[in-house]
Each structure stands twice: as structure tokens, then as C-alpha cells.
Amino acid sequence: MNRARVQYIRQTLEDLYGKNAVTRGLRVVDVGCGGGLATESLARMGLSVLGIDASHENIAVASIHAQGDPILINSGRLEYRQVTAEQLLLESNATASFDAVVSLEVIEHVNDPRSFVQSLVSLAKPGAPIFISTINRTMLSYLVDVLVPEYLLRVIPAGTHEFDKFVTPEELTGMIVDAGAMALDTRGLILDPVFNNCFLAPKHFGLLPNAGVQANYILAARKNTSTS
Amino acid sequence: MLQLRTCYTGDIRHIVSRAFTTHQTTRAELYDVVIVGGGPAGCALAGTLGSLPALADKRIALIDPARLGNVQKWEPPTDTYLSRTLQITASNKRFLDSLGLWSRCHTDRVQECNRAVVTDALGGGMVDLAAVRSASAAAEATSVAHMIETKNLVSGLLRSLNQSCPGVDIIERVRVVGIDTDPAAAGARAEQWPVVTLSDERRLQTRLLIGADGASSCVRRYAGIGTYGTDYAQHSLVATLCLEHINHTAFQRFLPTGPIALLPFPGGFANLIWSLDSELLMLLKTAPDRVFSDLVNAAFRLSCAEMRRLYDMLRQGTREDALRAEIEWRLASFSQSNAGSDAQLPPRIAAISPRSRTSFPLRMRIVDSLVGGRVALVGDAGHVVHPLAGQGLNMGLEDIQCLSRVLELATIAGEDIGASAVLARYNRHRYARNLAMQGVVDKIWHAFGARSGLVSAARSLAMNGLDRLPAAKSRLVSAIMT
């Protein structure tokens, strides 16, 4: 799944900032970086990435994992901090300082998604993209993201996901517009469990509206340039 | 040296600072890719990776014990060709061409070959494989194989590396004395970066280690990748021949003692590859030049019984002029009884280039995997085949096309190119294909090695049948030449 969403981020950045965007050292913040899976990939591409997470343990795991790649560490493009997006915004020069804001599989775990989206948009420079990936609230997503992995296969701990906190693309788009950005594009992220491949799907499949975003999806938004 | 700007609390800092000190003590130079072996496969991989824009910021090293600078400056001899040669298929040649690697070779010394005549000495079968101009690939000209001296290819690749691949460090005249992971490093061994210790005491720590170091690869041994296979108890005797007239066709004849092949080079030169057991090898390797070229003429024409008689005379130390007169008499009676079959026979050999005879043992080696922990094998390190179909380096170049594509896509996706998930994609694409090709070549060798009358009659029937089926022939040609 990481490959598909990271490539989507790269592609969108190249569309917005030009062909060699990722090697120009754009500053990116990965909010809720967890173990740093996507953070490392983004930094390896050439982006300057700050990974932040509220949890001490996550930052420790991510830091130790990064030590395994001395070339990446030496590049100085990867930084981890144990801080929340809201706390980061309290720092003097953090507001509107990032060329891109990334938050992958986080919003379904936060208590106040509306203010969380507001924080993400506040971190972005005017005109900068914001990437949010999460899980839709549908019958299918309950099946493939809660029931099967948590209760039947037990590959992730029960209670990891709370179905009521899942956010639909429409709700997320509304929050983004309210926070002063506009949604550019929404894509489904579909996992092929047989070959463990993940690929991007279009939002609509022909006559089936929203068929591609029934479960996992990624949304690209862009902060408005004027703050009116 | 290391700067991980992190905010963490007490106990975590302790863990991270321990990792910090171990890295400081190694003092190894850091590379993204270290390629061990500067032969055709290693140089072609370095040239490919060095020309991909996606990998432009990668640090790549190519290590070889030879003086590669001299190979790069190689000035070809004007009066002969080297006896170590390669057959490159049309698609592999296009691949090297597309990267600008082919044009740096001395292309005037490359011979295109679009016809091969294969005969069977025991049963008398014959297949005449002429490259067909396929309608689908009209723009690609014909499906031709390209004959090139190994040194010509390697020197061209090294020139490209020096002139257009600034990201590749060529580390020559050093041996690899050891490969290990940092014993103090944390994490699973398979994910740890190998440290290559060189004979000049330099230490290179690398994200991905490539074994392009041939059949007895030290990288393969480090990765613990097992091999199995057979020793054919045979050697290839190679030599450079001057023919009586210009020839652009490849000829191969399966003798009970092993296949003999004559491969065309420009200006009436040809490369000989003759598979023999070690006793015959010594006999033929030490035979006088003129006797040897007469014996090559004989081996393409005379019957197995006649060849046995000639070998016996050679063993008994028959005088040179007597032996040559015997061969000449037998060849004369052969041409009398086989007038008109010249098109299926190579031109007569006028002379052999002095001191061009050399030999190497023939083996088949199959590896358990093309990849290990942060290790990938390309070329002969990953597969050794009998040269009878000229597929050895072609499989290696296909490995390189596949591996470079896998690494390019992984780099674009920000993946760690030494990670097992990335390398598994290379193994998945290449392992079965290499195994199939090795199997086919081995089967051909065994089919022609059989001396039983029934088997030889059956295979000659099959060859003659194949010769009359243009559709099957063109498929075979495209499988081995394109």
C-alpha cells in the first residue's frame, strides 16, 4: 500500500511543482508518521521530510529504523519529532511553512477530525498540496478493514479501528473546504490480498459512482492561495 | 558524522546513541550499489545504472582485480581477432545501443550473423537456420546475432562508464578479501548493509551488493546462496581462424566428442569453439598450427570413424607431413563424393592465428536464488550454461535489463533498493526464465551426447524435419537470436 500512495504523492507533486519537484528539496511534513514507512520513502525520493507523531514509541521505532539506512541519515533530509500537528502550529515559524502536508491513515483515529484537517491545512503554504488517506464508512470497509483483519484473521489487534470514526470522502471534502482548501482528486487504494499488491483505482467505475472509494482512499487537496 | 535530529526521551536516546557509536567505528565508505566483477556483466550493469536519470544521485562502485584502465585503452590488433568472443542477440544489442553503450565499442570488429547451419555428425541431420525478416519487426531489420570479442565489448563499456557515468566509481586492481555485516549493527542480518573489505584495506558499506563475479562468485558465497549442477567433464577449446574466403554464416556440427562451432568475424576471420574431453583437449591444444587447422577442416566434414582414426594417429606421434597428407587425402575423397554441398559447409581454414588457442572448462551451475539479503546476482554468478547455444551473456544482459528496471521503479517510489521486497521482484522475473534456458541448453547437450544409433537417427530425423518446417524454424531463430 505504501508504494501506491507514495507514488501518487510523487505524481501529484510533479504535476503541481514541475517534473523534478521531488529532487528540489521541497519541505514536507508527515503528520502521524508512525514507524516512518512513508516518511522514509518520501525522504529517499529527495524531499526534505519532517515526520511527527504524538507517540514516543512511534518516534523511537521510526528513528531506529532510519539508522539502518546510513545514506539516508547522512543526507539530512529526514527528521523526526514527537509532537502533534496542533503543538507544531504553536511554534513561531511552523504555520504555512510546508510545501506539502501528508497524513496517511491517521484521521480515522483522531477524536476531532474537523480541527485536525484545519491543522493540516494551516501547516501548508498557500497553494501547497495536502494528502490525506483514510477509510470510507461503508459496508465494504467494515468488512475488509474491521471484521476480517481484526476479528476473523486477527492480523491486527481488535479495536484498532473504530468504525464510527471512519470518514466518507464527502465529509472529508467538506472539512477541507471549510478549512480553506479545495479537493483536487480522490482515488481508491485497493489491496490485492493474493499477491499483496496495492493499486490506485479511479473514484468512479463507469456507471458505478464511488465504486473505487468504498474502503481505503487517498485525497489530494490544495490550500487556497487567498485567505479570504 | 551522523545527524539524526530527533526529539526523544531518556531511554530512547540510550538506544539510538548506541547505534550511533557503532556506525562511527566502522569508517566504511557508503555506497548505494557495489558491483563486484568488472567483466561484461558487471560493466554492462554499471553502465546501465549509471545512465538512468532516476538513479543519477546514487553512488555506485565497480570493483575488479584487473587493470581496467588498460582494458579501456585497448587497441585492437590489426591482423587478428581475439579468441574469447561473445554472441549478442539482436534485442540485447538494441538494449546496449539504446543506452549509448554499444557505439563505444569498435563496431568495425563486430560481425552480424543471420544464418546458422547446424549438422549432426552421427545421424547426418541438418538444419539451416536463416534469420527471417519478420513483418512485425520490419523496422528492426532482421533478427541477427552479433559476434563481438569479449575485450572489445568490455573496453567499450568501460569507455562509456568513464565518459558518461560520473556516478560510477571504478575501483580497479583490488581484490575482495572479505564481505560481512557490521557485527555490532542492530536488526535482522538480511536487512543489514554488507561491508566489503578490499585488498587495499578500503571498506565499502553498501545498500545493495551485486555479484557479477562469475561462476565461483564470492558474493554468492557471502549471501549463502546454494548451487547445484553438473560438470560436463569437457573443455571448450577456442581459437581464431583465417578462412580461405569471407564468411558471414555460423556453422555448428555435433560430434560424439562434443560440438564444434565456427562463428564468423569480419575480413574472413572466424572464431572456433570446440568442446572436447580433457585428453583430446591436450592433444589438440599442443598439435602444430597447420595440423590443427587441417583437423578443424576434417571435423566439419569427415565421419566419426575417420576422426577417431586421425586422433589415434595424433596420439601415436605420427609425423606432421604424414598426418597432413592423410587428412588431405580424406578431405579430397570427401569433396569428390559430396560435390554440391558446399553451402552447408564452412569455408576451408587457411591458417590459425598463432598462440590464439586457449581453453576453459564447461559446467552447468544452477543457483537456488538470484537474490539474498541485500544481494543480487547477475550473469555467470547466477547461471552457468554450456556455450553451445551462445546464451551465457545473453541471459546476463536480460538479467541486467530486468534488474535495472526494477531498481529504477523502486527508486522512483522512494523504496530502499536493497530491501528484500524490491529484490524479490527481480528474482520473480528472472529466476524461472534462466532456469528454463539452462534446461533447454542442457537437454540439447545430452541429446547430442548420446551415441546410440536409435537416438542419433531420431535426432537427425527431427533436425531434417525441422529444416522443412519454415514456421518452426523461424520460431527457433527468434528464440535464440533475437
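Each reported figure results from applying straightforward, stated rules to the coordinates on display, with no laboratory input. In this text the structure is predicted, and so the values were computed from the model without any measurement. Note: ideal-geometry Cβ built from the backbone for every residue, glycine included; neighbour counts use all protein chains shown.
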- Query: Considering lysine pairs in the protein assembly as shown that are 8 or more places apart or on different chains, how many have Cα atoms under 23 Å apart?
  - Reply: 12
- Note on the protein assembly as shown: alpha-carbon gyration tensor, axes a ≥ b ≥ c; rule is a/c under 1.5 for rounded, else prolate if a/b larger than b/c, else oblate; result prolate
- Query: Which far-off residues, 5 or more places away or on another chain, put their amide H under 5 Å from the one on B:Leu30, with H placed in the peptide plane?
  - Reply: B:Gln205
- Relative packing of peptides B:367-379, B:111-123 - highest average C-beta neighbours within 10 Å first: B:367-379, B:111-123
- Within a 10 angstrom radius of each residue's Cβ in A:34-45, how many Cβ atoms of other chains show up on average? Whole number is fine. 2
- Task: Work out from phi, with θ = phi - 60° and the Karplus expression 6.51 cos²θ - 1.76 cosθ + 1.60, the ³J(HN,Hα) of each residue of the range A:24-34, listed in order in whole Hz, and give x for Gly and Pro.
- Result: 8, x, 4, 8, 10, 10, 9, 8, x, 6, x
- Estimated vicinal HN-Hα couplings, Hz - the range B:332-339 in sequence order (Karplus 6.51, -1.76, 1.60; Gly, Pro = x): 5, 5, 5, 5, 5, 8, 10, 4
- Task: Could you work out the mean count of beta carbons from other protein chains within 10 Å of each residue's beta carbon in B:414-421?
- Result: 5
- Message: Using DSSP to call loops (not H, G, I, E or B), can you name the GluC sites (Glu not before Pro) in the range A:1-97 whose Cβ has at most 14 other Cβ atoms within 10 angstrom?
- Response: A:Glu91
- Message: Looking only at the range A:2-223, where both bridge partners belong to it, what percent of the DSSP beta bridges are antiparallel (to the nearest 5)?
- Response: 55
- Taking chain B as the reference, fit the longest principal axis to its C-alpha atoms, fit the long axis of helix B:392-412 to the helix C-alpha atoms, and give the angle between the two in degrees, 0 to 90, nearest 10. 20
- Which one of A:Tyr8, B:Ala28, B:Ala376 is farthest out on the positive end of the charge dipole of the protein assembly as shown, using unit charges on Cβ (Lys, Arg +1; Asp, Glu -1) and the Cα centre as origin? B:Ala376
- Task: Please turn the phi angles of the range B:264-272 into ³J(HN,Hα) values with the Karplus equation 6.51 cos²θ - 1.76 cosθ + 1.60 (θ = phi - 60°), one per residue in order, whole Hz, x for glycine and proline.
- Result: x, 10, x, x, x, 8, 8, 9, 9
- Enumerate the amide H contacts of A:Gly51 below 5 Å, restricted to partners 5 or more residues apart or on another chain; note that Pro and chain-start residues carry no placed amide H. A:Asp30, A:Glu79, A:Tyr80, A:Arg81
- Scan around A:Ala201 for amide H atoms under 5 Å from its own, H built in the peptide plane at 1.01 Å from N, and keep only partners 5 or more places away or cross-chain. A:Gly188, A:Leu189, A:Ile190
- Could you give the dipole magnitude of chain B about its Cα centre, charging the beta-carbon of Lys and Arg +1 and that of Asp and Glu -1, in debye to the nearest 20? 420
- Pull out a ≥ b ≥ c, the square roots of the eigenvalues of the alpha-carbon gyration tensor of the range A:181-226, then state rounded if a/c is under 1.5, prolate if not and a/b is larger than b/c, and oblate in the remaining case. oblate
- Message: For the protein assembly as shown, give me the percentage of DSSP beta bridges that are antiparallel, rounded to the nearest 5 percent.
- Response: 65
- Query: How big is the charge dipole of the range B:230-360 about its Cα centre, in debye rounded to the nearest 20, if each Lys and Arg gets +1 on its Cβ and each Asp and Glu gets -1 on its Cβ?
  - Reply: 60
- Query: How would you rank B:468-475, B:94-101, highest first, on the average number of other Cβ atoms within 10 Å across their residues?
  - Reply: B:94-101, B:468-475
- Message: Under a Cβ-only charge scheme (Lys and Arg +1, Asp and Glu -1), can you give me the dipole magnitude of the protein assembly as shown about the Cα centre, in debye to the nearest 20?
- Response: 1480
- Looking at the range A:146-189, which GluC sites (Glu not before Pro) are in a loop (DSSP not H, G, I, E or B) and have at most 12 other Cβ atoms within 10 Å? A:Glu162
- Task: Return the average number of partner chain Cβ atoms within 10 angstrom of each residue Cβ along peptide A:70-76.
- Result: 6
- Message: Quick check on the range A:2-223: take the gyration tensor over C-alpha atoms, sort the square-rooted eigenvalues as a ≥ b ≥ c, and tell me if it's rounded (a/c under 1.5), prolate or oblate.
- Response: rounded
